[in-house]
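Quick note: the coordinates plus some simple rules give every number you see, no bench work behind them. On a predicted model such as this, the values are computed, not experimentally measured, just so you know. With ideal geometry, Cβ positions are generated from the backbone for all residues, glycine too; neighbour counts draw on all protein chains shown.
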C-alpha cells in the first residue's frame with residue numbers, strides 16, 4: 001500500500017496533466033487517472049512487475065483517453081460554474097485557454113508529430129519515454145519531432161528559435 005501511495009504522490013500531477021491535455025476536461029481527466037490507479041491497485045501484481053511504472057501508467061492513461069475520445073468525440077469542456085475542485089476559476093480558464101492554443105497550433109501537424117510535441121513539451125517526457133509510450137523507435141520519434149518543429153517554423157507558428 002505504501003508503494004502505491006508513493007507512486008500516486010510521485011506521478012499523479014503529471015498523469016492528470018497528460019490526461020487533461022488529451023480530453024480537455026478536468027473532471028474527465030481526474031476520472032481517468034483515478035480509474036487507472038484503481039485498476040493498477042486491483043492488479044497489485046503490476047506494482048512489482050512493471051519495469052517502468054511511469055511508462056505503464058502513461059500508456060494506460062493514453063489508452064483510456066483514446067477510448068474516451070472515441071466514444072464521446074473530441075473535447076467537451078465543462079462550464080467553469082459547474083466544476084467543483086481545488087483550482088480557482090482563473091487557473092482553470094488559463095489551462096483551458098492554453099489547451100486550446102496548443103491544440104490549434106498542433107492541428108497544423110500530422111497526428112503522430114503533434115502527439116510527440118505534446119508528450120515532449122506538455123508532458124515533459126524525454127525521447128526514450130516517448131518511444132516506449134508510442135511503441136516506436138527512438139530515432140523515429142526524434143525525426144518526427146524534428147519535422148514537426150520544422151513545419152511549425154515554416155508556418156510561422158513557433159516564436160522560439162531553438163528546440164533541439
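Going by how many other beta carbons lie within 10 Å of each one, how would you line up 66, 140, fewest first?
66, 140
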Task: Ranking of 153, 118, 22, 101 by count of other Cβ atoms within 10 Å, fewest first - done: 101, 153, 118, 22
Task: Full-stretch length increase - residue 107, residue 6 - with 0.36 nm per residue and alpha-carbon distance subtracted - done: 32.7 nm
